[in-house]
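Some notes on the structure that comes next.
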Amino acid sequence: MKRVVSTAALAAVVGLIAAAAAIGAGRAGPVKLTVWVGWSAGKELVTFKQVASEYDKAHSDVTIDVVGGITDQKITAAIRAGNPPDVVSSFNSYDVGIYCGTGAWLDLAPFLKKSNISTSIFPKATMYYTQYGGKRCALPLLADTYGLYYNKTLFAKAHITHPPRTISELTADAKKLTQRNPDGSLKVVGLDPFIGFYENVPERWAQSYGAKYIDSKGHAILGDQAAWQKMMQWQKSLIDWYGYKNLVKFQAGLGDEFSASNGFETGKLAMNMDGEWRVAFIANEAAKLQYGTAPLPVDDAQPKLYGSGYINGTIIGLPKGGHNVDQAWAFVDYLTTNTHALAELANGLKNVPSTTASASSKELVPDAHFATFLKIFNNTYSSTSPIMASGQSYTNLVQTFWQNFQAKGSKNLGGDLKKLDSQLDAQVKQAGGSSGGGVP
Amino acid sequence: MSAVAQTPIVRRRLPRAVRRRRFLLAVANHSFLIAAAIAFLAPFVFILLTALMTNEQALSSRFWPHPFAWHNFVDVFHDAPLGRWTLNTLQYSVLATLGLLLSSVPVAYALARLHFRGRNALFMVVLVALMLPPQVSVVPLYVMWAKLHLVGTLWPVIIPNWFGDAFSIFLLRQFFLTIPEEYLDAARVDGLGELRVLTTVVVRLAKPAIAAVALFSFLYTFNDFFLPLLYTGESSHHWVLQIGLSQFRSLHQVQWNLTMAATLLVMAPVIVIFFLAQKAFVEGVTLTGVKG
Amino acid sequence: MWRRRRFVLLLLSPWLVGFSVFFGYPIVMAVYLSLNHYDLLSPPRWVGLANYRYLFTIDPQVGTAVKNTLWLVAVLVPAQVLFALGIALMLARAKSGAGVFRTIFYLPALAPPVAATLGFVYILNPATGPVNVVLGHLGISGPLWFQDPSWAKPSLVILGLWGVGNTMVIFLAAVLDVPKHLYESAEIDGANWWQRLRWVTLPSISPVILFALVLGVIQALQYFTQAYVAANIASGQASQAADVTAASLGYPQDSTLFYPVLLYQHGFSDYQMGYASALSVVLLVVSFAVTMVIVVNSRRWVHQAAGTR
């Protein structure tokens, strides 16, 4: 009886849906391509929309609808739920292991072959984070790299002549640049390395210490390297110098990272680790700021790392279940390989162009602040974080671990890191992946 | 109120000391209440003041807006599709409430007034359904709606209401139990069929309870967050007010002043409705004491 | 007789359908899915008890989530009941202005949870929030509230106490319903304020208190909205490049990672539907046990609660 009733109910529901779906079908004319991108702040979305509308005007068979402010979670949800857009793009590659591994994003190999595109036109670093286990399901759409921003006015006041190159110089400068209010609270912070604050996540600092996540088999090895402990102890000692509570309070009083009240732009952060796009934000929001850019300082014991940085980038691809696959691919092809399009985006967003041809395009507007990041991007030691089957959860687990450590410290950091390793491995296994996507 | 309590009691004049102590106690009691009332109102006041501040001021430690940024309440509408969110919320509220009343009244009536085998067991099932967290069924339901291609719309949160809601059934049943049998019998003697008895006599008598159920349903749907988040989180066209508000700050990089203006705007409808229907509200809550 | 049965069935049919489709079916399905690896993209793959093994022996967050949820049951629920009772008792004694006070205390209960949480995260902002600014003027260095793992849950309690109006109104009605003659005879016996409360008021309203506690426990098991919003907003400094929502769940340091939040994270952020189903089956077992205890004893309190007018 129950089964009959529930079947009847399901049939009724299905009928309703069929009726609803029928209303949406049967349109003619140009195909509407829905394109999801992460950009939302300031001029960024406007810049992307300009490039998209140029394409739109030149191609009568499509009209392009750009939706900004998209996160990985939204992308994943839409694909699982079976109603994805035509083109998807994410700010970062953390979830590529999931996208490629599960087939959520289509394998691009047949498309690349059809359009006769060789992957050699893309920089090598970007090729790692757009595939998983040999399956390429994404292409780079501009790249990001990270460095040190420093406030020249504050540097002059503190009689510091050049940006720090080693962690010990960085620490000394940070302390010199810090100013406190009479009640002991922080007024200006030299450098805030607090994990979770603005762009501070473990993988970006790990670059400065040459700290690695996985071995060649894909097993977590954080506990096996001295670098992780050394880095975390340094970070914790600097935080303790400010006072953990002071620092958290100071951060709570700063404006949103992607608004004109950004702490570096308002002069409350003398130095800050940030991505190359900040150059464009400062130009728009705080044009008067006297600042410089430099590679991130590195471990005193490993000077050869100086000049390198963490690399990641916006990725773009085709979701499983998208409707107008051919038109969508044509647009993706244009965005990721057309020199003019990439140069225009790179100029507007101040992102690193992601083909070799566009990197030397005459259309690129030269900018001294930005040139630093192009150099970091091309440094041989620059690298990215591993692509894992558990996606973002992998780096999140490390981040939570570090956040606990920066708050409470640890009597046995090495042992705790070893425990973390086994949790990371178990997580990857649970997510259904046997190993990672190779070493970055 | 029992009859005993209403019997007038002859009071003799109390000794001075006792009266004095009582007076002091009353003063203390009132001071406490006033202090608590200020504490309860303070958050509203701070939210309002911040909503009237400029960007920079909201990040300072000053309390009083200077100058008053009234235009924040206009800017909010530019920054966020509040109109769209409101329409979606209304769609959810109205469709869910109507369906819930139409489907729950008959069930509650059957459970309260009709005799059949398994009635008590069925009522127990209603109680269990009422108490289990929605999280226990949400994963398979999500899978089901995803297969039906309805994730990304509000239908997965609306449709279940058309098939009876445990809370409403419970509440209506409690009320139907209090209707004297003679009223129903009188209607039956007049030759009305069982269905007519329900649709005319019972529904008319239960108007206050039905109003309370409708009110609670409106409140519940207006405030609902978890299920709309699951099903419409990624499709901003279908966001209800609560989802929009929760994403407001991170989505538009706007500052606290505008966020608080939006917060105030989202609080306003409920508070207005409360003052319009205050009596029904408090009585409804007292009657059920279950949710609101 | 047949007509009558058909009539009953007609009246019950919406609920029978609804119960089967939206309740019975998902619960059976949850048990099945919990024994599979399922990501909604490829068909479920049978893994036996692997999800449960991961849940009970490996996942470092399960223990945290259970502890946090138990904390709600042990602290938030009693705090709300005591606070509501205190206010109700004071209101019952008030000779003038009781109506105004009652409205003021009830009002916050109406504020939508999302809006109320947003407001409190601002008010309790460690640097610029009014509370810490006032404390600062008094020479006190205020806590970090939602930014501090040991203060985040207490901050949620403050938010919970603010919205305690529903319980307060129910208690007030019950207190006012206590027969006056009981107080009078107690007074004649020379009972003081505390003794009258202890021996007259509390015994008379104990079913309502029990009811409020039970309800509180049920709500604690599904506590989600406030935790989600508070963590999301308080961690607002998190990077745009990282996925803000996923990284912020439980912020700070998993101190607001309650069981439903964990379930949401695995089910609807990571889309591990099999594992999330295992989490929901465990929740089902626990809440069903709690529910059965309540339903078995329901005769006592359901009757009382419905009759508190």
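No value in this document is a laboratory result; all are computed from the given coordinates. Just so you know, these numbers come straight off a predicted model, no measurement behind them. Backbone-built Cβ (ideal geometry, glycine too); neighbour counts: all protein chains shown.
Across the alpha-carbon atoms of the stretch C:16-80, the computed radius of gyration and Dmax are 16.6, 47 angstrom. Working note: Karplus 6.51/-1.76/1.60 with θ = phi - 60° gives the stretch C:64-73 the couplings 4, 5, 5, 4, 4, 5, 4, 4, 4, 5 Hz, where Gly and Pro are set to x. Of the candidates B:Leu276, B:Leu102, B:Leu87, which one comes out as most mobile in a Gaussian network treatment of chain B with C-alpha springs shorter than 10 Å? Among B:Leu276, B:Leu102, B:Leu87, the largest mean-square fluctuation in the Gaussian network model of chain B belongs to B:Leu276.
The calculated Kirkwood hydrodynamic radius for the stretch A:224-335 is 18.2 Å, given to one decimal from all distinct C-alpha pairs.
Any idea how far the Cα center of the stretch C:56-83 sits from the one of the stretch C:1-32, in Å? Between the Cα centre of the stretch C:56-83 and that of the stretch C:1-32, the gap is 34 Å. Remark: mean inter-chain Cβ contacts per residue of C:259-270 equal 5, using a 10 Å Cβ-Cβ cutoff to other protein chain atoms.
Neighbouring Cβ atoms from other chains, within 10 Å of the Cβ of residues in B:151-163, number 4 on average.
For the stretch C:175-234, the Kirkwood hydrodynamic radius comes to 14.3 Å, computed from all pairs of different C-alpha atoms.
What's the local net charge at A:Asp326, with K and R +1, D and E -1, over the other residues with C-beta under 11 Å away? Walk me through the numbers on the way to the answer.
Numbers: positive: A:Lys114; negative: A:Asp61, A:Asp86, A:Asp333.
Within the 11 Å Cβ shell, the charges total -2.
Mind checking which of A:Ala330, A:Ile70, A:His59 is farthest towards the positive end of chain A's charge dipole, using Cβ charges of +1 (Lys, Arg) and -1 (Asp, Glu) about the Cα centre? My answer, from the dipole projection, is A:Ile70. Across the stretch A:323-339, computed HN-Hα scalar couplings (Karplus, 6.51 cos²θ - 1.76 cosθ + 1.60, θ = phi - 60°) run 8, 9, 4, 5, 5, 4, 4, 4, 5, 4, 4, 4, 4, 8, 10, 6, 4 Hz from first to last residue, x flagging Gly and Pro.
With the convex hull constructed from alpha-carbon coordinates only, the stretch B:53-203 shows a mean projected area of 15.7 nm² over all directions.
I'm a student and want to see the number: the projected area of the Cα convex hull of the stretch C:53-183, averaged over all directions, in nm². Here the figure is 12.0 nm², rounded to one decimal.
What longest region of chain A stays clear of trypsin sites (Lys or Arg not before Pro) that DSSP places outside H, G, I, E and B and that have at most 14 other Cβ atoms within 10 Å? Display every interim value, and only then the final one.
Values: sites that count: A:Arg27, A:Lys217, A:Lys288, A:Lys362, A:Lys411.
Maximal segment without exposed cleavage sites: A:28-216.
The magnitude of the dipole of chain C, with charges of +1 and -1 set on the Cβ of Lys/Arg and Asp/Glu and taken from the Cα centre, is near 1260 debye.
What number do you get for chain A when its Cα radius of gyration is normalised by 2.2 N^0.38 Å, N = residues?
Compared with the compact-globule rule of thumb, chain A sits at 1.06.
A helix-only calculation puts chain A at -13500 deg cm²/dmol for mean residue ellipticity at 222 nm, using -39500 (n - 2.57) for each DSSP H run of at least four residues, averaged over all residues. Within chain B, the longest run free of exposed loop sites, counting chymotrypsin sites (Phe, Trp or Tyr not before Pro) that sit outside DSSP helix and strand states (H, G, I, E, B) and have at most 15 other Cβ atoms within 10 Å, spans B:117-292. Ignoring aspartates and glutamates fewer than eight residues from A:Lys57 along the same chain, the ones with Cα atoms less than 17 angstrom from its Cα are A:Asp65, A:Asp333, A:Glu344.
For B:Lys279, the aspartates and glutamates whose Cα comes closer than 19 Å to its Cα, not counting residues fewer than 8 places off in the same chain, are C:Asp177.
Have a look at the DSSP beta bridges in chain A and tell me what percent are antiparallel, nearest 5. Let's see the in-between values first.
Details: 24 of 36 bridges.
Restricted to chain A, the bridges split so that about 65 percent are antiparallel.
For the stretch C:137-223, the equivalent ellipsoid derived from the alpha-carbon gyration tensor has semi-axes of 36, 19, 10 Å in decreasing order.
Rg ratio for chain B: its Cα radius of gyration over 2.2 N^0.38 Å, N being its residue count, equals 1.32. For A:Lys32, the residues whose amide H sits under 5 Å from its own are A:Thr63, ignoring neighbours fewer than 5 places away on the same chain, with H placed 1.01 Å from N.
So how many Å³ per residue does the convex hull of the Cα atoms of the stretch B:22-88 work out to? If you can, show how the numbers build up before the last one.
Values: hull volume 9.1 nm³, N = 67.
Looking at the stretch B:22-88, the number lands at 136 Å³ per residue.
Other residues whose C-beta falls under 12 angstrom from the C-beta of A:Phe405 contribute a net charge of +1, scoring Lys and Arg +1 and Asp and Glu -1.
For chain B, the relative contact order comes to 28 percent (Cα pairs under 8 Å, sequence separation of at least 6).
Distance distribution P(r), the protein assembly as shown, all Cα-Cα pairs, bin width 10 angstrom from 0: 2, 10, 19, 22, 20, 14, 8, 4, 2, 0, 0 percent.
Relative contact order of the stretch A:305-440: 27 percent, from C-alpha pairs under 8 Å at least 6 residues apart in sequence.
Please average, across the residues of C:100-106, the number of beta carbons from any other chain that are within 10 Å of each residue's own beta carbon, and give a whole number. Write down the numbers at each step before the final one.
Numbers: counts 2, 6, 2, 6, 9, 5, 7.
Neighbouring Cβ atoms belonging to other protein chains average 5 per residue here.
Within the set A:Lys32/A:Lys362; A:Lys152/A:Lys245; A:Lys175/A:Lys230, which residue pairs have Cα atoms separated by over 22 Å? Intermediate results must be reported in sequence, preceding the final value.
Details: A:Lys32/A:Lys362 33 Å; A:Lys152/A:Lys245 28 Å; A:Lys175/A:Lys230 19 Å.
Listed pairs above 22 Å: A:Lys32/A:Lys362; A:Lys152/A:Lys245.
The tail of the calculated P(r) for chain C beyond 30 Å holds 49 percent of all Cα-Cα pairs. Annotation: lysines with alpha-carbon distance below 20 angstrom to A:Lys135 (same-chain offsets under eight excluded): A:Lys113, A:Lys114, A:Lys124, A:Lys217, A:Lys320, A:Lys429. Each residue of the stretch A:224-233 was assigned a 3J(HN,Hα) from its phi angle through the Karplus expression (A = 6.51, B = -1.76, C = 1.60, θ = phi - 60°), giving 8, 10, 5, 4, 4, 5, 4, 5, 5, 5 Hz with x at Gly and Pro.
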